[in-house]
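First the structure, then my questions, so here it is.
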Amino acid sequence: MTEPLLSVRGLVKTYPVKGGALQRIVGTVKAVDGVDLDVYPGEAVGLVGESGCGKSTLGRAILRLEEPDAGSVWYDGTDILTLGAKELKGYRRAAQVVFQDPFSSLDPRTTVGDSISEGLRVHGIGAKERARRVADVLELVGLEPYHAKRYPHEFSGGQRQRIGIARALAVEPRFIVLDEPVSALDVSIQSQILNLLKRLQNDLGLTLLFIAHDLSVVEHLCDRIAVMYLGKIVEVSSRDILFDRPTHPYTEALLSAIPIPDPTVTRERILLEGDLPSPLHPPSGCTFHTRCPIAVTGVCDTFSPELRSVPGEPDHLASCHLRTGEYTHLDRATV
Ligand code: SF4
């Protein structure tokens, strides 16, 4: 069986919370709480959840843009959390990122060509080769080589995101984290960028981790999908299984919110009560129990469910006492 290109184990990232007039540390927030995740070569994995669930922090920790508190991040057989600055340079070339807001991630006083070639310069690529590479990647993302001489403000939002993608591609990475790359764009432009990413993934054999807050965005691009809630992955499976047979009640609610482009088909919307709880004071037991429509008092508010296989589906994992048979004494007929 193919080995994962990226393997995350027990990843934890906490932040101190300061308060009072003296801004003393009054607590900690666990933004990522013991996450395990595998990404196989050439696949696109979607990481989906509400704002504040920890998905962007996880993406940044995988790239070592944030230093995790615990756990490991294995990339191509090496735990990148153990690498020193020199060895990390190779990983920086292999693993790139595309950010949500293309405008703020581009220096307004730097030409597009210089922005794209910055990474190449860091990796010691000469001027002639840099110019050739900039022209190549601009064409790859649907722009023209002469755009290299222009500044970010001369482009539309969609074009700027193409530039962000070109900048990531310039160093010929194998793995790219896409952190909400279409959230800031109009719907019509979103589909163009998603189609571009799909084409680039196929043509260049890229491995992608696509972070989004909306399942409909990852539906057409991703082979597998992981759903996050309050710092933990609560369900992960192939895209088809997740859309056909969602198991975790949170995934069901996210799916029910996707509009169906057919007026003759109706889907019952599952409305979750309340907002995402504060990660400063996460609920006891299953952290979803305060919003879960099928929570069982005495079980869900007391015991934390493990991420385990759904019965009969070894590659479909979910963390729910009732849906994975963790508590078989419960009356499943009521679920
Ligand atoms: Fe809902 Fe309980 Fe399952 Fe958590 S463990 S998702 S609260 S049924």
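Put a dot 7 Å past each Cα toward the Cβ at D203 and K128; how far apart are the dots in nm?
Here the modelled spin labels are 2.6 nm apart.
Turning to a different aspect of this structure: For the chain, take the longest principal axis of its alpha carbons; what is the angle in degrees between that and the long axis of helix 157-169, to the nearest 10 within 0 to 90?
Once rounded, the angle reads 80 degrees.
Next up: In what order do Y151, Y91 fall by count of nearby beta-carbon atoms within 10 Å, going from fewest to most? Walk me through the numbers on the way to the answer.
Numbers: Y151 15, Y91 18.
With the fewest neighbours first, Y151, Y91 line up as Y151, Y91.
I've got another one for you. Helix 112-122 versus the longest principal axis of the chain: what angle, 0 to 90°, nearest 10, using Cα atoms?
80 degrees
What is the fewest-to-most order of K30, K149, K13 by other Cβ atoms lying within 10 Å of their Cβ? Spell out each step's value before the answer.
Working: K30 19, K149 11, K13 22.
Listed from fewest to most nearby Cβ atoms, that is K149, K30, K13.
Taking a point 7 angstrom from the Cα of D275 along the C-beta vector, which residues in the stretch 209-223 have backbone N less than 16 Å away?
none
How would you rank R130, R64, R269, going from fewest to most other Cβ atoms within 10 Å of each one's own Cβ? Provide the component values of the computation, followed by the final result.
Values: R130 20, R64 17, R269 10.
Exposure proxy ranking, most exposed first: R269, R64, R130.
Cut-off 10 angstrom, C-alpha nodes, Gaussian network model of the chain. Which of A21, A31, A61 fluctuates the most?
Greatest mean-square fluctuation among the candidates belongs to A21.
Another question, if that's okay. Can you give me the Cα centroid spacing of the stretch 131-198 and the stretch 16-56 in angstrom?
One Cα centre to the other: 27 Å.
Then there's this: Between V98 and residues 5 or more places away or on another chain, which pairs have amide H atoms under 5 Å apart, with H built 1.01 Å from N, and which residues are they?
V177, L178, D179
Now for a different question. Work out which GluC sites (Glu not before Pro) in the chain are exposed loop sites (DSSP not H, G, I, E or B, at most 13 other Cβ within 10 Å) and give the longest gap free of them.
1-267
What net charge is computed for the residues neighbouring G59, neighbours being all others with C-beta under 13 Å from the C-beta of G59, Lys and Arg scored +1, Asp and Glu -1? Don't jump to the answer; show the numbers that get you there.
Working: positive: K13, K55, R60, R64; negative: E66, D179, E180.
Net charge around G59: +1.
Right, here's the next one. Can you give me the Rg/Rh ratio for the stretch 12-72, using Cα atoms for both radii and the Kirkwood formula for Rh? Numbers along the way, then the final one.
Working: Rg = 14.2 Å, Rh = 13.2 Å.
The Rg/Rh ratio comes out at 1.07.
Count charges around I125 for me, please; just the other residues with Cβ under 15 Å from its Cβ, Lys/Arg as +1, Asp/Glu as -1. Walk me through the numbers before you get to the answer.
On the way: positive: K89, R92, R93, R121, K128, R130, R132, R133, R167; negative: D114, E118, E129, D136, E172.
Once all neighbours under 15 Å are counted, the net charge is +4.
Something else now. Net charge within 11 Å of Y15 by Cβ-Cβ distance, Lys/Arg positive one each and Asp/Glu negative one each, not counting Y15 itself?
On the way: positive: K13, K18, K30; negative: E66, D69.
In short, +1.
With n ≥ 4 as the cut-off for DSSP H runs, can you work out [θ] at 222 nm for the chain, using -39500 (n - 2.57) per run divided by the number of residues, rounded to the nearest 500? Present the calculation step by step, with values, prior to reporting the outcome.
Details: 9 runs with 93 residues, N = 335.
Computed ellipticity for the chain at 222 nm equals -8000 deg cm²/dmol.
List the relative contact order of the chain as a percent without decimals, with contacts defined as Cα pairs under 8 Å and 6+ residues apart.
For the chain, the relative contact order is 18 percent.
So for the pair E118, R9, with labels modelled 7 Å out along Cα→Cβ, what separation do we get in nm?
Each label point is offset 7 Å from its Cα along the Cβ direction, giving 3.5 nm.
Bear in mind that the values in this text are calculations on the coordinates, not laboratory data. The structure presented is a predicted model; accordingly, all values stated were derived computationally and were not measured. Using ideal geometry, Cβ is built from the backbone for each residue, glycine included, and neighbour counts are taken over all protein chains shown.
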